[in-house]
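Since the structure comes first, as structure tokens, the remarks are kept for the end.
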Amino acid sequence: MEIIRIFLAREVLFQDVRRTIPLGIVAQNMLDSSRRQKKLFRQTLFLKKMKLPIRPRRNRKSAAMRGMVRETALSVANLIYPMFVQDGENDDQIESLPGCKRWSVAGLVEECRRLHGQLGIPCVDLFGVVEQSHKTPDGREAHNPKGVVQRAVQALKAEIPELLVMTDVALDPYSTYGQDGIVREIPGGGVEVLNDETVEALILQALSHAKAGADIISPSDMMDGRIAALRSALDDAGYEGVSLMSYTAKYASAFYGPFRGALGSAPKFGDKKGYQMDPGNAREALREATLDEQEGADILMVKPATCYLDVIAAMRAQTNLPIAAYHVSGEYLMLKAAASSGWLDEKQATLETLLSIRRAGADMILTYAAPQAAEWLSQE
Ligand code: PBG
């Protein structure tokens, strides 16, 4: 304190007064409330007012003012909740995704009543959890009309018709290889995911979801030409009302780890770099966006979200289509882990993360934090 006081006095006496102001602000926090110190502080800070007609802080002066000038808002209407559904009667906690469960069909319907009815979540995205014995090299369980996803869609649309039901289309949960498509083993080692053969399989899967009543089909496989192929197959079968949300720019990311743990769907050989995008590329995402738009996608998606906010912003500048961003399992888990150690305030950090994804240009966000965020937003 003593040192500061002496320094202040010296500044006031000998230095350009403008330079004393920042020092005065620092000192404000440090002075106690004795009268002498208050006087010294006043002398220091208000010796000369800055000639400053432009003061951005005026727009932050109260909660009401901040509310009026806020550019981006997060609402429950923007949230899509990804959910896992499995055969049998059990609802099991997912260790790698705290707060999420592998739901039975009945448990899923009950939970969706709460999510939609009480919290106002408009849409859920379904992923099937498949036992090892149902996995095959060609992933044919993906289009089983009595498969777990197909039954879950039917049940949800029968019980909660106004809830939007989205389904994931890709073969990885159903494939013995843990790859998103039809695989060819390369002699001498390694695997190749075949594009056109995979698109054929995805069409069967998408048609079975549409038949079950899905509102939105969301291909996450990154094959070329699948949006056009799915659009025309759906239209030909009379499902012209079913929407396509394309995983337009899905990166080969390390942040999918907890999801693959939840589904037991990690690739058995190799990786997914032959079809998912290279994290170094942003222009390529815009090329994919142009193609998806031409092929008839209704919504474009960027995934993951927070490491790729620049890609969301660039895509926003290029297209007039709605953009979704997938706040993926690893991004969610980082927040959970930091919050459970007491290092982050979970509510503030989660809402700030989701808001930043909206600010970058995403209209909607797929996030495992949707139920909690919906609850927090309703308390604001
Ligand atoms: C697979 C798929 C993945 C995710 C959604 N669909 C994982 C992958 O590509 O390996 C990741 C979701 C998440 O991490 O939350 N088609």
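Every number in this text was worked out from the coordinates using simple rules, so none of it is lab data. Just so we're clear, the structure is a prediction, and the values are computed from it rather than from any experiment. Quick reminder, even Gly has a Cβ in these numbers, built from the backbone with ideal geometry, and neighbours come from all protein chains shown.
Helix-derived [θ] at 222 nm for the chain: sum -39500 (n - 2.57) over DSSP H runs of at least 4, divide by residue count, nearest 500? Walk me through the intermediate numbers first.
On the way: 14 runs with 159 residues, N = 380.
Helix-only estimate at 222 nm: -13000 deg cm²/dmol.
For GLY139, which sequence-distant residues (separation of 5 or more, or a different chain) have an amide H within less than 5 Å of its own amide H, given hydrogens modelled in the peptide plane?
HN-HN under 5 Å from GLY139: THR176.
Around GLN379, what is the net charge, scoring Lys/Arg as +1 and Asp/Glu as -1 over all other residues with Cβ under 15 Å from its Cβ?
-3
Mind listing the phi-derived Karplus ³J(HN,Hα) values for segment 60-70, rounded to whole Hz, using 6.51, -1.76 and 1.60 with θ = phi - 60°, and x for any glycine or proline?
Here the 3J(HN,Hα) series is 10, 7, 8, 4, 5, 5, 4, x, 5, 9, 5 Hz.
Give me the net charge of GLY274's neighbourhood, meaning all other residues with Cβ under 11 Å from the Cβ of GLY274; Lys, Arg count +1, Asp, Glu -1.
So the environment of GLY274 carries a net charge of -2.
Enumerate by residue number the chymotrypsin sites (Phe, Trp or Tyr not before Pro) in segment 309-361 meeting two conditions: DSSP loop (anything except H, G, I, E, B), and at most 14 other Cβ atoms within 10 Å of the site's Cβ. Intermediate results must be reported in sequence, preceding the final value.
Values: sites: TYR326, TYR332, TRP343; in loops: TRP343.
Sites meeting the loop and neighbour criteria: TRP343.
Would you tally the net charge around MET222, using a Cβ to Cβ cut-off of less than 9 Å, leaving MET222 out, and scoring K and R as +1, D and E as -1? Before the final figure, lay out the partial values.
Working: positive: ARG226, LYS250, LYS272; negative: ASP180, ASP221, ASP224, GLU288.
Every neighbour counted, the sum reads -1.
Could you run the Karplus curve 6.51 cos²θ - 1.76 cosθ + 1.60 with θ = phi - 60° over segment 259-272 and give me ³J(HN,Hα) per residue in whole Hz, x for Gly and Pro?
Values per residue, Gly and Pro as x: 5, 5, x, 5, 9, x, 10, 5, x, 6, 10, x, 9, 10 Hz.
Cross-link list LYS303/LYS336; LYS101/LYS303; LYS268/LYS336: which exceed 25 angstrom alpha carbon to alpha carbon? Kindly include the intermediate steps, with their values, before the conclusion.
On the way: LYS303/LYS336 19 Å; LYS101/LYS303 22 Å; LYS268/LYS336 28 Å.
Over 25 Å apart, Cα to Cα: LYS268/LYS336.
Which angle between 0 and 90 degrees, to the nearest 10, do you get for helix 35-45 versus the longest principal axis of the chain when only C-alpha atoms count?
For 35-45 against the chain, the angle is about 70 degrees.
What is the fewest-to-most order of SER175, SER340 by other Cβ atoms lying within 10 Å of their Cβ?
The most exposed by this proxy come first: SER340, SER175.
Provide the FRET efficiency to the nearest 0.05 for the ASP310-LYS268 pair, computing r from the beta carbons and using R0 = 35 Å.
Between ASP310 and LYS268 the formula returns 0.60.
Counting DSSP beta bridges in the chain, what percent are antiparallel, to the nearest 5?
Values: 6 of 41 bridges.
So the antiparallel bridges amount to about 15 percent of the total.
Can you put LEU171, LEU194, LEU163 in order of Cβ neighbours within 10 angstrom, beginning with the fewest?
Starting with the residue having the fewest Cβ neighbours, the order is LEU194, LEU163, LEU171.
Which ³J(HN,Hα) values in Hz, rounded to whole numbers, follow from the phi angles of segment 135-149 under the Karplus curve 6.51 cos²θ - 1.76 cosθ + 1.60, where θ = phi - 60° and Gly and Pro get x?
Going residue by residue, I get 8, 9, x, 9, x, 5, 4, 4, 10, 5, x, 9, x, 5, 5 Hz, with x marking Gly and Pro.
Using the number of other C-beta atoms within 10 angstrom as an exposure proxy, rank VAL191, VAL129, VAL311, VAL148 with the fewest first.
VAL191, VAL129, VAL148, VAL311
Roughly how tilted is helix 346-360, in degrees to the nearest 10 and between 0 and 90, from the longest Cα axis of the chain?
The angle comes out near 80 degrees.
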